[in-house]
Amino acid sequence: MVEINKIKAFNEAHLSEHNRSWDFLAESLTRKGVDLDPLIKTLGDFQIAIPSWALGTGGTRFGRFPQGGEPSNLEDKIKDVGTLHALNQSSGAISLHIPWDIPKDYNAIKTLASDLGIKFDAVNSNTFQDQPNSKHSYKFGSLSHVDAGIRREAIQHNKEVIDHGIQLGSKALTVWLADGSCFAGQHNFRGAFQRTLESLEEIYDHLPQDWKLLIEYKPYEPNFYSMVIPDWGTSHLLASKLGDQATTLVDLGHHLPNTNIEQIVALLMHLKKLGGFHFNDSKYGDDDLTVGAVKPYQLFLIFCELVQGMRETANPELSWMIDASHNLKDPMEDLLQSVESIKIAYARALLVDYDGLKAAQSKHDVAAAQSILQEAFRTDVRPLVKASIYKKGGAIDALEAYRYFDIRNQLIASRGIDSQSTGL
Ligand code: PSV
Ligand code: MN
């Protein structure tokens with residue numbers, strides 16, 4: 001879709017404007033004593049996986065309005081991630097959802113991905129939908145189900161997902177459970193928790209030693225009275241009982257409004273139990289909005305905890321992924337914007353004077369503590385993020401390049417206006 005030469009030509013046309021803003025920022029950062037080269041490298045190396053299910057148009061139960069040219073098979077999904085990665089040099093991994101993305105030929109898929117510089121991030125199981133050939137139904141739960149036969153099917157599915165991931169070189173399984181209840185009295189809470197734990201124990205035993213099990217939590221939806229894993233405490237409880245390879249995954253949309261997510265991040269890292277992230281933004285719940293679209297300051301505060309946690313704790317390496325659904329925008333455009341927002345938040349968090357912050361905290365200088373954070377947040381780091389992407393061969397402005405190359409129309413021309421993607 002995008003040849004390197006075309007990106008070079010695009011960049012040449014944008015370089016002088018970029019250089020002007022970069023020189024201004026570089027000069028002011030250098031004056032503050034910031035070492036620019038390691039910063040550019042850290043930002044350039046930072047890769048955020050793209051979920052296979054975010055490449056098609058998302059919908060709600062009220063409707064779906066597809067863009068056309070959606071990837072209808074795994075090969076096309078990988079090619080779309082390859083296009084994003086060619087443009088932003090920051091999306092070098094794809095996260096597969098099984099059974100939507102079962103590879104027919106592992107070697108061919110691996111070759112395609114590696115030719116595009118794409119790795120396989122965590123694999124995701126799906127026990128929230130019934131599949132065409134399944135004997136049982138997950139209507140009333142999966143890993144927590146009262147029926148041992150249905151639990152067995154869900155456990156077996158998760159083991160198969162691990163097996164697919166092993167073939168592709170993934171290193172983690174993400175489990176998100178839709179299990180829960182819609183009405184008071186429907187569930188025995190203790191029983192549901194215990195059965196979930198025991199099911200997860202069997203899945204955990206199937207993990208290769210260098211794998212992680214990432215456990216998501218979500219307060220509501222699709223169940224509206226109780227979820228079996230509603231919050232980080234329950235996820236952490238399960239992960240602690242399972243063992244070192246099990247960790248909690250924070251999906252930004254899986255919190256009730258105003259939850260202090262940055263505090264959750266800090267504590268989980270302190271306990272060496274934060275496994276990964278699903279980025280999105282929200283105003284009300286699991287809204288699946290573009291990262292940074294509504295609460296960029298919250299995202300920055302989360303990154304401040306991540307930066308400190310990565311420097312000061314022994315928390316394991318994290319899996320980074322976008323998890324969003326795009327009802328209105330072209331999914332590829334939305335993903336490019338999300339990745340850019342993540343990098344902007346990360347860049348700002350890397351600029352915080354943490355020694356100064358600690359000194360202010362120990363003196364109870366509340367105003368200084370706030371100013372230190374806001375000094376970094378109010379810095380326009382876009383030229384820094386662009387410089388890190390440009391250095392890796394990406395486009396200075398990925399979204400503009402995507403439009404300039406008319407990629408959506410190229411996709412429609414090659415795949416058709418009716419081509420539909422699997423997913424939500
Ligand atoms: C659930 O809302 C969720 O965030 C989980 O991450 C799933 O894996 C993903 O959506 C798509 O199924
Ligand atoms: Mn998620």
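None of the figures in this text is laboratory data; all of them are computed from the coordinates on show. Since this is a predicted model, take the numbers as computed values, not measurements. All Cβ positions, glycine included, derive from the backbone under ideal geometry; neighbour counts span all protein chains shown.
Dimensions of the chain along principal axes (Cα, Å, largest first)?
For the chain, the Cα extents along the three principal axes come out at 65, 62, 41 Å.
Which value, in nm² and rounded to one decimal, describes the direction-averaged projected area of the C-alpha convex hull of segment 56-190?
Mean orientational projected area (segment 56-190, Cα hull): 10.5 nm².
Please report, in Å, the Rg and the Dmax of segment 1-88, where both are computed over Cα atoms only.
When restricted to Cα atoms, segment 1-88 yields Rg and Dmax of 18.7, 54 Å.
Can you sort Thr60, Thr234 by how many other beta carbons sit within 10 Å, fewest first?
Details: Thr60 10, Thr234 17.
If I rank by nearby Cβ atoms, fewest first, I get Thr60, Thr234.
Would you work out if segment 170-322 is rounded, prolate or oblate? Take a ≥ b ≥ c from the square roots of the eigenvalues of the alpha-carbon gyration tensor; rounded if a/c is under 1.5, else prolate when a/b is larger than b/c, oblate otherwise.
oblate
What ranking do 74-81, 270-277 get when scored by the average of other Cβ atoms within 10 Å per residue, highest first?
Descending packing order for the listed peptides: 74-81, 270-277.
Figure the gain on full extension for Ile417 and Gln361 (residue separation times 0.36 nm, minus the Cα-Cα span) and round it to one decimal in nm.
On the way: separation 56, 0.36 × 56 = 20.16 nm, distance 5.67 nm.
The span from Ile417 to Gln361 would gain 14.5 nm if fully extended.
Quick check on segment 27-70: take the gyration tensor over C-alpha atoms, sort the square-rooted eigenvalues as a ≥ b ≥ c, and tell me if it's rounded (a/c under 1.5), prolate or oblate.
Judged from the Cα gyration tensor, segment 27-70 comes out prolate (a/c at least 1.5, a/b above b/c).
At 25 °C and 0.890 mPa s, what whole-number value in µm²/s does Stokes-Einstein give for the translational diffusion of segment 53-113, with Rh from the Kirkwood sum over Cα pairs? Present the calculation step by step, with values, prior to reporting the outcome.
Values: Rh = 12.8 Å.
Translational diffusion coefficient: 192 µm²/s.
Rounded to the nearest 500, what is the chain's calculated 222 nm mean residue ellipticity when only DSSP H runs of at least 4 contribute -39500 (n - 2.57) each, over all residues? Write out the running numbers ahead of the final one.
Working: 15 runs with 206 residues, N = 424.
Value at 222 nm, helices only, nearest 500: -15500 deg cm²/dmol.
Give the relative contact order (percent, whole number) for segment 123-276; include only Cα pairs under 8 Å separated by 6+ residues.
Result for segment 123-276 is 21 percent.
Among Lys386, Lys392, Lys41, which comes first, second and so on when ranked by fewest other beta-carbon atoms within 10 Å? Numbers along the way, then the final one.
Working: Lys386 24, Lys392 16, Lys41 13.
In increasing order of surrounding Cβ atoms, one gets Lys41, Lys392, Lys386.
Please report Tyr284, Tyr204 as a ranked list, fewest other C-beta atoms within 10 angstrom at the top and most at the bottom.
Arranged by neighbour count, lowest to highest, Tyr284, Tyr204 become Tyr284, Tyr204.
Let me check against my output: what whole-number percent is the relative contact order of the chain, with C-alpha pairs under 8 Å and at least 6 apart?
Relative contact order here is 23 percent.
With a 10 Å radius around each residue's Cβ, average the other Cβ atoms per peptide and rank 113-119, 65-71, highest first.
Details: 113-119: 16.7, 65-71: 19.0.
My ranking of the peptides, most packed first, is 65-71, 113-119.
Test of understanding: in a Gaussian network model of the chain with alpha carbons linked when under 10 Å, which of Thr111, Thr247, Thr290 would top the mean-square fluctuation ranking?
Greatest mean-square fluctuation among the candidates belongs to Thr111.
Measure up Lys119/Lys391; Lys218/Lys343; Lys77/Lys329; Lys171/Lys329; Lys119/Lys139; Lys79/Lys171 against 28 Å on the Cα-Cα distance and list the ones that go over.
As for pairs spanning more than 28 Å Cα to Cα, those are Lys171/Lys329; Lys119/Lys139.
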